[in-house]
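Have a look at the structure below before the remarks.
The values are calculated or read from the model by the stated rules, or taken from the named source; none is laboratory data. All values derive from a computational prediction rather than experimental measurement. Every residue, glycine as well, gets a Cβ built from its backbone with ideal geometry; the counts of neighbours run over all protein chains shown. Heads up: the accessible areas ignore ligands, DNA and RNA and are worked out on the full protein's heavy atoms, side chains in. Shrake-Rupley method; radii C 1.70, N 1.55, O 1.52, S 1.80 Å.
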Amino acid sequence: MNSDNDLQIAGDILEVPHLLQPPREHPATVAEFVGLARSIAADRDQWAHLVRYDATTRWYHRLRTGPGYEVWLLSWVPGQGSGRHDHGRSSGVLSLLEGTLTEHTARGTRTLTAGAQRVFGPGYAHEVVNDALEPAVSLHVYHPGLTEMPMLPRSGPGTAGETGGGTAAGTTEGALTSPHCAPHPGPHQVSA
C-alpha cells in the first residue's frame, strides 16, 4: 500500500543515502542501453553537427565507447542499404533520429520512422534500406562492441532470414567498408 502513512512509517528514502544505489557510470542492462540511446537521441547538440551525407557509401561516426559497448551514428541517403547481415555475438539498440528506414526480415517488412527504437539480440538477421526520398540518420548502441557483421545471402525478394533475436570515448569516422563496422536495427521495437 502506498500512502502518506507509508512515508511516515518508512521515512523519506532520499534521507537514507545508504539505501540508494549509486548511479552507474556505464550501462549494464538492456533498459540502461535503451536509456543511453534515448538520452543521446534527445541531445541533438551532441550529434547533429557531426552528420555527413555521402552518395557513394553509407557514412558512420563512432560517438562513444565504454566497457564492452560502443555507440555509432549513421547516415543513409535515399537508396542506400545494409545488405542482408547479422551482428555476430552483439546485441544492440537502434534509435532512428531522422527520416525513415525500411527493415526486411523473414517475418516481413517494417517501416521505422524518427523516434522509433528497436532492440535486437545476437544472430538477428535483416536488411535495412532507405527507401524514402529524404536522408535518414540513426544511432546504434552495441553490446559487446560490434566485432563482426557477417553478410548473408538473400532469402527471397525483399526479405532477409532471421537466425536469432532477443533483447539485448574515442571517435572515428568514415564509410562503412568492413563488415564489422556497420550498425543496424533489429526485432523488438520500443515505444519512444
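Observations on the model:
- The helices (runs of 4 or more DSSP H) located wholly in segment 1-74 that include 1 or more residues which are at pLDDT below 95 and either at positive phi or open to solvent by less than 60 Å² (accessible area, probe 1.4 Å) (or both) occupy 4-10, 30-42.
- Scanning segment 134-156 for residues that are among the β-branched types (V, I, T) and either touching a helix residue (DSSP H, G or I) at 6+ places or on another chain (Cβ under 7 Å) or open to solvent by 80 Å² or more (accessible area, probe 1.4 Å) (or both) returns V141, T147.
- Remark: pairs (first residue in segment 60-77, over 13 Å from I40 (Cα atoms); second residue part of a strand (DSSP E or B) and among the hydrophobic types (A, V, I, L, M, F, W, C); Cβ separation under 6 Å; 6+ apart in sequence or on different chains) = Y60/W72; Y60/L74; H61/L73; S75/W59; S75/V137; W76/A136.
- Residue count for segment 118-140, restricted to those that are within 12 Å of H104 (Cβ to Cβ) and at pLDDT 90 or above: 4.
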